Amino acid sequence: MKILAVLVLIFGLLLPTLAEDIPVPGGTLIIPDGSQITGTFVCCLPPAHGVDFSFADGTGKTWGEANDGDTGFMNFTVPLTSLTINWVGDEEYSFEASGSTGFSCTPTVCPPSGTFTFTGTDITSLSWTNFTGASGVESMTYTLVSTPEPSTLLLLTVSLLLGLSKWAQMSLRKLSRH
C-alpha cells in the first residue's frame, strides 16, 4: 500500500501544476506561488525529495530531507533591480541574493519568516538553506533591469542611416559642381 501511495505522489508531482506547498514523503517543499513544477528527483544521503520548477522569468530547484532542512535556488533569465520575497524559515536559515548585491539574509538580520527586499543593479539568483525544517520562497515580486526595446534601437539606427545618406547625397552634389 505504501508503494502505491508513493507512486501516486511521484506521478502527481510529474504533472505540471501550479503550487506553493508540495507534500513529499516526510515533509513539505515550498515554491513560489504561480510556479509550475517541471520535474521531480531524489538525491543525497539520507534521501531528499526535490522538485524543479519554472516561473515567468526564471527556473528553480528545491529539495529537502523532511524535518532536517530544505535547500533551494532560483536563477533569473533577466537581471533584476529589486527582489521582494515572502519566505518561510526557522531559527537556522539563510537566504542570499547574488549578483552585484551579494547580500545575505540571516537570522541576525531578518526574522525566521517574513518579507525582505534585496536591491541592487543585477540580481541574477537567489539561494536558501535551512538546517532544521521546511523553508522556501512562498511568493515574490521583482523589477527587471530595463533595456531599450528592439524597436527603439531600430528606429534610432534607421534615422541615423537616413541622415547619413542625405548628408552623403549633399556632399556628392557639391563635389560634382566643382
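Bear in mind that the values in this text are calculations on the coordinates, not laboratory data. What you see is a predicted model; the values in this text were computed from it and never measured. Quick reminder, even Gly has a Cβ in these numbers, built from the backbone with ideal geometry, and neighbours come from all protein chains shown.
Numbers at a glance
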item: Residue 131 paired with residue 36, simple spin-label distance in nm, labels 7 Å along Cα-to-beta-carbon; result: 3.8
item: Under-5 Å amide H pairs with residue 139, H placed in peptide plane, nonlocal only; result: 33, 86
item: Modelled label reach - residue 143, point 7 Å along Cα→Cβ, the stretch 76-98 residues with backbone N closer than 17 Å; result: 78-85
item: Net lengthening on full extension, residue 28/residue 86 (0.36 nm per residue, minus Cα-Cα); result: 19.2 nm
item: The stretch 27-137: proportion of alpha-carbon pairs further apart than 24 angstrom, %; result: 20
